[in-house]
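The values are calculated or read from the model by the stated rules, or taken from the named source; none is laboratory data. Small disclaimer: the values here were computed from a predicted structure and weren't measured. Cβ sites come from the backbone with ideal geometry, for glycine too, and all protein chains shown count toward neighbours.
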Amino acid sequence: MKTHSHRLLTAMAAVLATGMLLSVSACGTASNTQSQNTAKPEATGPIEVVASVNQWGSLAKQIGGDDVSVTSILSSTAVDAHDFEPKTSDIAKLQKAQIVVTNGAGYDAWATKSLGRNAVSVSAAQTVGAMEGDNPHLWFSKDARNGVAEELTEAFSKVLPSKKKAFATRLAAWKKQEKTIEQAMDDFSAKHKDAKYGATEAVAYYLMSDMGFEDATPKGYAQSSASEGEPAPADLQEFQALIESRDIDVLINNTQEASDATNMLTGTAGRSDVPVFDISEQLPDDQSSLTDWIADLVSKLTDVIDEASAAEDDTDADTQNDTTSETQSDGSDGTAGDSSDTQTQDDSAATTQDSSPDGEQPDPGK
Ligand SMILES: [Zn+2]
């Protein structure tokens, strides 16, 4: 009896256990097939990319093309980028992304500290070794752009190996465009050996440095601006005096960091005939890509400086020859062949420069 009922119980237990095992393994198989099913479409893309700011989001799209779906969290040129606070839904997007692209160097700490556990992260600051406290406006640096483009290509290829070739092809095309910009910047710095600028905020620091400009912004002012403090009256006066003396060729004005102080400075520049050049932090709406934007800025800055120096030549000519300068300035522009090229075709700078293998040595004889 005892053994019989024991056997029965054992048998029942075995059946139960088998049943449980069966259902467990059924579940297991089901979920296995499910995850295999969901894994397949993931492997053919598009990769879900979330960028903290649209400058880097744009570059991710340039390299990723149709094989990526890019969401940029901070895209507005109408907010103070340094004070940006993400919504809960923004953080959720960051955490769900397959690849997160951040600027780093303290610019978007809200994003760098919200990375999902499994996300692949591409950080502009990491590619160039920039730390918190360094100038964080890295998208304006040719080194950072190149570093991020390569890093993105690698990350995309890892997540979507079947499209490795496509990513490499897009990287090569991108590098060609970037080289054209670098050539334009080199041409500029070769022609303008002692170009100087001041800045209401150091947004374009790397761009100006890549173009060979010297930063003449008074130190005291620059420090208070970098720490987002009010400039001391003495620092502001020093900057105004610098502008009035026209010891800078251009005043860079960050349109996303406007204040009473910056308005005062642009006002002083206006009265002193120092050109004011507006630059935003985020990629503006009317620019189709980070590359086009940088090319456009380089071309427009070149025009601003060329026009200002042409006007100065006029003034010199005026004082020497005592003639009205309209016709004279035309004549002197004509002799400088390449400067008239950039001036007549300023709107299509990127395409113009693309088709200029001969433009690399515009006039070796002169
Ligand atoms: Zn800034």
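For the stretch 82-107, which residues satisfy the criterion of being within 12 Å of the ligand (Cβ to nearest atom) and either assigned to a loop (DSSP other than H, G, I, E, B) or buried (at least 23 other Cβ atoms within 10 Å of the Cβ) (or both)?
Result: Phe84, Asn103, Ala105, Gly106, Tyr107.
Which one of these is closer than 19 Å to His137 by Cα, at pLDDT 95 or above and either within 15 Å of the ligand (Cβ to nearest atom) or touching a strand residue (DSSP E or B) at 6+ places or on another chain (Cβ under 6 Å) (or both): Ala258, Ala202, Ala226?
Only one candidate qualifies: Ala202.
Taking the stretch 115-148, which residues are under 16 Å from the mean Cα position of the chain (by Cα), surrounded by fewer than 22 Cβ atoms within 10 Å (Cβ to Cβ) and hydrophobic (A, V, I, L, M, F, W, C)?
Across the stretch 115-148, the qualifying residue is only Val128.
Scanning the stretch 250-288 for residues that are assigned to a loop (DSSP other than H, G, I, E, B) and hydroxyl-bearing (Ser, Thr, Tyr), which turns out surrounded by the most Cβ atoms within 10 Å (Cβ to Cβ)?
Looking at the filtered set, the residue picked out is Ser280.
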